[in-house]
Structure formats: C-alpha cells, structure tokens
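Here is the structure we will look at, set down as structure tokens.
The values are calculated or read from the model by the stated rules, or taken from the named source; none is laboratory data. Note that the structure is a prediction, hence the values are computed from the model and not measured. All Cβ positions, glycine included, derive from the backbone under ideal geometry; neighbour counts span all protein chains shown. Ligands, DNA and RNA are stripped out before the accessible areas are found, and what is left, the full protein with its side chains, is counted by its heavy atoms. Shrake-Rupley method; radii C 1.70, N 1.55, O 1.52, S 1.80 Å.
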Amino acid sequence: MKKNRVGKEQAILSIRHFCAYQERAQQEVRDKLYELGMTTPEVEEILSDLISENFLNEARFATSFAGGHFRIKGWGKLKINHALYQKRVSAYNIKMALKSIDQDDYQAKLYDLATKKWATLKGERGLSRMAKTMAFLHQRGFEPALIQPILQKLNKPGSK
C-alpha cells in the first residue's frame with residue numbers, strides 16, 4: 001500500500017497542490033500523506049500546518065460537498081449526511097453543511113425529481129407507481145416525510 005517514501009518537503013508541496021485543486025476532507029489528506037510514506041507525527045504536523053494556513057478547512061469542505069452534491073447530483077440530505085459521515089467529517093460540520101442548503105431549493109429539487117420520475121412510470125398504476133417513485137427518491141436520500149405529500153399530490157386524478 002505504501003509508495004516509496006518521498007521527502008517531507010516534497011510531500012508538503014504535493015499535499016498543498018492536492019488541497020488547492022479542490023476542497024478535501026481531513027481524512028482524505030491524512031490518507032494521501034500516509035500513501036506518500038509520512039509517519040504519524042509528520043502527518044499530524046503537516047495537517048496542523050495545512051489547517052493554520054487555511055489550505056484545509058473541514059467546515060468549508062462539508063458545505064461545498066453538500067451544496068455540490070445537492071445541486072449537481074440531486075442528492076437529498078440523508079445521502080449527503082451519510083457520505084460526509086463516511087469521509088469522517090465531524091457531526092457539527094455535517095449539521096452546518098446540511099443547514100446551508102436552502103429549504104425552498106430543496107423542496108423544489110425534490111418536487112422536480114418526483115415529477116420526472118412519476119412521468120417515466122406512465123404504464124404503472126396507483127400504488128406501484130407511488131412505490132417506485134418513493135423508492136427512487138428515498139435512494140436519492142430524501143426524507144420520507146417530505147416525499148409522501150408530493151406523491152399524494154401526484155397521485156390525485158388530473159395530475160401528471
């Protein structure tokens with residue numbers, strides 16, 4: 001798993017470029033430093049320097065990750081929460097990142113995804129159509145309590 005060990009200065013330059021290219025979670029940077037052959041004390045020292053120099057900011061990473069995955073990939077808060085947890089982001093930063101998603105935009109995205117999925121299931125009837133749309137939205141990470149009212153609205157006669 002370890003590559004040939006590079007010098008500390010080379011590792012610092014490499015990891016600064018790694019962090020400048022895109023926002024990173026602390027665990028991603030830690031793993032990368034270990035791949036470069038750094039020892040635990042060196043990794044912790046470099047991480048500390050990166051944080052103090054603002055190359056690495058977990059709150060900024062979490063907010064950027066949440067916003068991007070919501071807008072671009074259409075993920076709901078449950079899926080974003082899980083992904084950030086997998087990246088070992090702190091619970092506080094996850095909570096703040098999820099709060100940064102505008103609730104009106106969130107509802108609009110959910111409604112848009114629901115109506116698009118609903119339209120693709122024209123051959124389905126009633127409960128089957130609702131169940132498949134619900135499963136799709138749940139898989140995307142949206143909360144069942146938010147999905148249900150939209151499905152009831154879509155299932156009314158005369159709607160899409």
Problem - Hits in region 9-48 - residues which are part of a loop (DSSP other than H, G, I, E, B) and either within 19 Å of Gln86 (Cβ to Cβ) or free of Cβ contacts under 8 Å to residues at least 12 places away in the same chain (or both) - result: Gln22, Glu23, Arg24, Ala25, Thr39
Handout entry: Lone unmet requirement of (1) in a helix (DSSP H, G or I); (2) in contact with a helix residue (DSSP H, G or I) (Cβ under 7 Å, 6 or more places away or on another chain) for Gly68
Key = (2)
Exercise for the section: May I ask you to list the residues in region 107-133 that are in contact (Cβ under 8 Å) with a residue 40 or more places away in the chain and of a type in the set (Phe, Trp, Tyr)? Expected result: Trp118
Exercise for the section: Inspect region 73-94 for any residue being free of Cβ contacts under 8 Å to residues at least 12 places away in the same chain, part of a helix (DSSP H, G or I) and more than 22 Å from Gln27 (Cα to Cα) and give the result as yes or no. Expected result: no
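Matching residues to (1) within 24 Å of the chain's Cα centre (by Cα); (2) buried (at least 18 other Cβ atoms within 10 Å of the Cβ):
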{"residue": "Gln22", "(1), (2)": "yes, no"}
{"residue": "Met38", "(1), (2)": "no, yes"}
{"residue": "Val43", "(1), (2)": "no, yes"}
{"residue": "Glu58", "(1), (2)": "yes, yes"}
{"residue": "Ser64", "(1), (2)": "yes, no"}
{"residue": "Gly76", "(1), (2)": "yes, yes"}
{"residue": "Leu84", "(1), (2)": "yes, yes"}
{"residue": "Arg88", "(1), (2)": "yes, no"}
Exercise for the section: Test Val6 against the criterion of being outside any helix (DSSP H, G or I) and not acidic (Asp, Glu), and give yes or no. Expected result: yes
Problem - Qualifying residues in region 110-136 (those that are among the hydroxyl-bearing types (Ser, Thr, Tyr) and open to solvent by 60 Å² or more (accessible area, probe 1.4 Å)) - the one nearest to the chain's Cα centre (by Cα) - result: Tyr111
